[in-house]
1. Compute log10 of I(q)/I(0) for the stretch 31-208 with the Debye formula, placing one identical point scatterer on every Cα and leaving out solvent, at q = 0.10, 0.11, 0.12, 0.18 Å⁻¹, to two decimals.
2. If you rank PHE171, PHE33 by fewest surrounding Cβ atoms within 10 Å, what's the result?
3. Taking the Cα centre of the stretch 31-208 as origin, sum charge times position over the Cβ atoms of Lys and Arg (+1) and Asp and Glu (-1), and report the length of that vector in debye to the nearest 20.
4. Listing ILE154, ILE211 from the residue with the fewest other Cβ atoms within 10 Å to the one with the most, what is the order?
5. Could you please rank SER32, SER183, placing first whichever residue has the fewest other Cβ atoms within 10 Å of its Cβ?
6. Number of Lys pairs in the stretch 31-208 with C-alpha atoms less than 29 angstrom apart, excluding same-chain neighbours closer than eight positions?
7. Label-point separation (nm) for THR74 and VAL35, each offset 7 Å from Cα along Cα-to-Cβ?
8. Could you check the spin-label model distance between HIS190 and ILE141? Points 7 Å from the Cα along Cα→Cβ, value in nm.
Amino acid sequence: MADDTDTTSTHSSGSPGRSPFAPWDRRDLPGSFDVAETARRVGNYKWTEMKLFEALGGWVATVPELDIKLRLGTHCYHHAWHAELWHKRLPELREMKPERLTVPANDAMERFMDAMTEPEGPDLTIEKLVGVYRVLIPRFIATYTFHMNNTSEITDAPTIRSLKFALQDEFDDWRDGEMMLQSLITTPEHVERATAQQSRLEAIMVEAGGICGPGSIG
């Protein structure tokens, strides 16, 4: 008679086998991303955070509204620190030359950043803030959240830790940015300016497929 014992539940020594997770946790051990894909995404994150840091730093000198100038200075530091987090993570992902992967996801993403930083005049604060706080930072939140929810807490815990730190800043900055915009958008003409800028930038971002290109959020 065939033995009906489930041999998959024991080790060769005969001791009961254990799942790598607690009984109430039904995750798979591997996440959705292999090392190469994680490194590619992290390189895209680093590039975009660096570009945002540079943009905000440049605007601090030209934005005439003092309260907004001060807030942008704080946010500027956040994005510099995020870029540093990702820079340090790349060698840990076996990518010993971080510069090789510190690139935009595609040409459309590069065009997006160029278009977002295009407004330079002191009278274009609305256009500056719309690009950052109504288009780019919401994309960061979506992309970082997708990555955190689809990677392995066992094999990719350092990336998850960095994502959590970055997400906290992104949520706080998003709130600040929206409050700044609401304080500036006070007339129908302001509404038209904000809407036109958001529509133009969203179209480029959709073409890019997000910060990591198509598949940024699955």
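1. Taken in order of the listed q values, log10 I(q)/I(0) reads -0.39, -0.47, -0.56, -1.16.
2. Numbers: PHE171 14, PHE33 19.
In increasing order of surrounding Cβ atoms, one gets PHE171, PHE33.
3. I would put it at about 480 debye.
4. Working: ILE154 13, ILE211 24.
Ordered by Cβ neighbours within 10 Å, fewest first: ILE154, ILE211.
5. Details: SER32 15, SER183 11.
Starting with the residue having the fewest Cβ neighbours, the order is SER183, SER32.
6. For the stretch 31-208, the number of qualifying lysine pairs is 16.
7. 4.0
8. Roughly 2.1 nm, to one decimal.
Every number here is computed from the coordinates shown, using simple stated rules; none is lab data. Because the structure is a prediction, the values reported are computed rather than measured. Ideal geometry is used to build each Cβ from the backbone, glycine not excepted, and the neighbour counts take in all protein chains shown.
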